[in-house]
Amino acid sequence: MSQQINRIKQRIKTVNGALKVTSAMKLVSSVKLKKWKNKMFINRIYSSEIENITSDVLQFAKKVKNPLIISETKSKSDKNLFIIVSSTLGLCGAYNTNIFKLADVSLKPSDEAIILGKKGLSHFEDGKFKLIEDFSTYHSISDQTIIRQLTNFIIEHFISGQYQEIHLIYSSFKNSFVFLAKDVIILPVKKPEENSELGFAPILEPTPQKLVDSLLPLYLKTIIYSKLLESEVCEQAARRNAMENATKNAEELLDNLHIEFNKARQAAITQEITEIVASAKAL
C-alpha cells in the first residue's frame, strides 16, 4: 500500500512540474499574441491602402508594360515557386500540420519551394521537390533583412522567366481560435477589373510607367510582410491555445490524482487499524 502511495506522490510531483511549464508558456504566448496582434491590425490599415492604390494605378495605367503584370508575363518554365511559412518552435497545436497538408496537395514534383521556419525544413527534407536554401535562416517576422531579400529574390527570378507563378502558403487569421491555411498567388500581379463608378482617370505623376515600376516592388514587399505577420499571430494564438488546453488537462489530472491519493491513504489507515485490532484480539 505504501508503494502505491509513493507512486501517486511521484506522479503528482511530475504533473505539478508540467503544469508550471505549460502555465508559464501560456503566459508568454498570451503576451506575444497581444503584441503581434496589435502590429497586425495597424499594418492592415497600411497594407490595405497600398493594395487600393496599386489597384487604382493598374486600372488606369492601361498602356504601361511591366514583367510583373499577368498580361505581360511570358514564362520560359512551367514550374512554380512556393513560399511556405511554418514555425521554428513547436508546441503550437495543428498550426504546422494544416500548412503541410495544404502544401502536400498544392505542390507538384517539378515545383520549387522556399521554406520559412525550421519545422517546415524538417518536414520537407524528403526530397520530393527542390528546396531553395537561401532563406533557411529565417526565424521570425522581426528579421526585416530577409523579407527584403526575399522580395528582391522572387522579383529577379520571376522576371528572368524561371517560374510561371509564385505562391505563398500561410495561415490566415480569423480570430484567436480560428486560423486557416491559404495558398495565394503573389506573382504575376493581376490587373483589376475596370470600375465604371469612376467617371475620370486620376493624374499619375511623374508618369504612369515610372509609377508602376516603383509601386509594384513596394506592393509585393507589403503583401509578403503582411502575410508573414498574420502567420506570426496565428502561431502565437495556436501555441497559447495548446498551452491553455495542456494546463487544463494537467489541472484535471492533478484533481484525479489527489482523489486517488486520498483513497489510497485512507485505505492504508483502515488496514493499519484493522491489523491493530486483530493483534489486540489475538492477545
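Suppose the filter is closer than 16 Å to I186 by Cα, polar (S, T, N, Q) and over 23 Å from the mean Cα position of the chain (by Cα); does N80 pass it? Break it down stepwise before answering.
Details: closer than 16 Å to I186 by Cα: yes; polar (S, T, N, Q): yes; over 23 Å from the mean Cα position of the chain (by Cα): no.
No; evaluated as a whole, the condition is false for this residue.
If I go through region 161-192 residue by residue, how many of them are closer than 14 Å to I69 by Cα and in contact (Cβ under 8 Å) with a residue 24 or more places away in the chain?
In the first step, residues of region 161-192 are kept if they are closer than 14 Å to I69 by Cα; the result is 161, 163-166, 185-192.
Checking which are in contact (Cβ under 8 Å) with a residue 24 or more places away in the chain leaves us with 161, 163-166, 186-192.
Adding up the residues that qualify gives 12.
Sort out which residues of region 100-150 are part of a loop (DSSP other than H, G, I, E, B) and in contact with a Ser or Thr (Cβ under 6 Å, 6 or more places away or on another chain), and write them in order of number. Steps first, answer last, please.
Our first condition is that a residue be part of a loop (DSSP other than H, G, I, E, B); within region 100-150, this holds for 107-111, 117, 124-129, 132, 136-143.
Result: G117, H139.
If a residue must be within 26 Å of the chain's Cα centre (by Cα) and buried (at least 16 other Cβ atoms within 10 Å of the Cβ), how many such residues does region 44-68 contain? Step through it out loud before you land on a result.
From region 44-68, those within 26 Å of the chain's Cα centre (by Cα) are 44-52; that's our starting set.
Next cut, buried (at least 16 other Cβ atoms within 10 Å of the Cβ) only: 47, 50.
Residues flagged as within 26 Å of the chain's Cα centre (by Cα) and buried (at least 16 other Cβ atoms within 10 Å of the Cβ) within region 44-68 amount to 2.
Quick one: which of K191, K221 is closer than 30 Å to D56 by Cβ, outside any helix (DSSP H, G or I) and either hydroxyl-bearing (S, T, Y) or touching a helix residue (DSSP H, G or I) at 6+ places or on another chain (Cβ under 6 Å) (or both)? Before the answer, list the steps.
Numbers: K221 fails: outside any helix (DSSP H, G or I).
Selected residue: K191, the only one of K191, K221 that is closer than 30 Å to D56 by Cβ, outside any helix (DSSP H, G or I) and either hydroxyl-bearing (S, T, Y) or touching a helix residue (DSSP H, G or I) at 6+ places or on another chain (Cβ under 6 Å) (or both).
Considering only region 1-13, how many residues are surrounded by 12 or more Cβ atoms within 10 Å (Cβ to Cβ) and either charged (D, E, K, R) or in a helix (DSSP H, G or I) (or both)?
Taking region 1-13 as the starting set, the residues that turn out to be surrounded by 12 or more Cβ atoms within 10 Å (Cβ to Cβ) are 1, 4-5, 7-9, 11-12.
Among the residues that remain, those that are also either charged (D, E, K, R) or in a helix (DSSP H, G or I) (or both) are: 4-5, 7-9, 11-12.
Number satisfying all stated conditions: 7.
If I go through region 201-218 residue by residue, how many of them are closer than 29 Å to H167 by Cα and either basic (K, R) or in contact with a helix residue (DSSP H, G or I) (Cβ under 9 Å, 6 or more places away or on another chain) (or both)?
Initial filter on region 201-218 (closer than 29 Å to H167 by Cα): 208-218.
Subsequent filtering for residues that are either basic (K, R) or in contact with a helix residue (DSSP H, G or I) (Cβ under 9 Å, 6 or more places away or on another chain) (or both) retains 208, 210-212, 215-218.
Matching residues across region 201-218 total 8.
Assess whether S71 counts as being among the small types (G, A, S), in a loop (DSSP other than H, G, I, E, B), within 26 Å of L215 (Cα to Cα) and at pLDDT below 90.
Working: among the small types (G, A, S): yes; in a loop (DSSP other than H, G, I, E, B): no; within 26 Å of L215 (Cα to Cα): yes; at pLDDT below 90: yes.
Criteria not met by S71.
Output the number of the condition that K39 fails; it satisfies all remaining conditions of (1) over 26 Å from F177 (Cβ atoms); (2) in contact with a Leu (Cβ under 7 Å, 6 or more places away or on another chain).
Condition not satisfied by K39: (1).
So which of K37, K101 ends up being surrounded by 15 or more Cβ atoms within 10 Å (Cβ to Cβ) and on the phi < 0 side of the Ramachandran plot? Lay out the reasoning, then the answer.
Values: K101 fails: surrounded by 15 or more Cβ atoms within 10 Å (Cβ to Cβ).
Criteria check complete, one pass: K37.
The values are calculated or read from the model by the stated rules, or taken from the named source; none is laboratory data. This is a predicted model, so every value here is computed, not measured. Backbone-built Cβ (ideal geometry, glycine too); neighbour counts: all protein chains shown.
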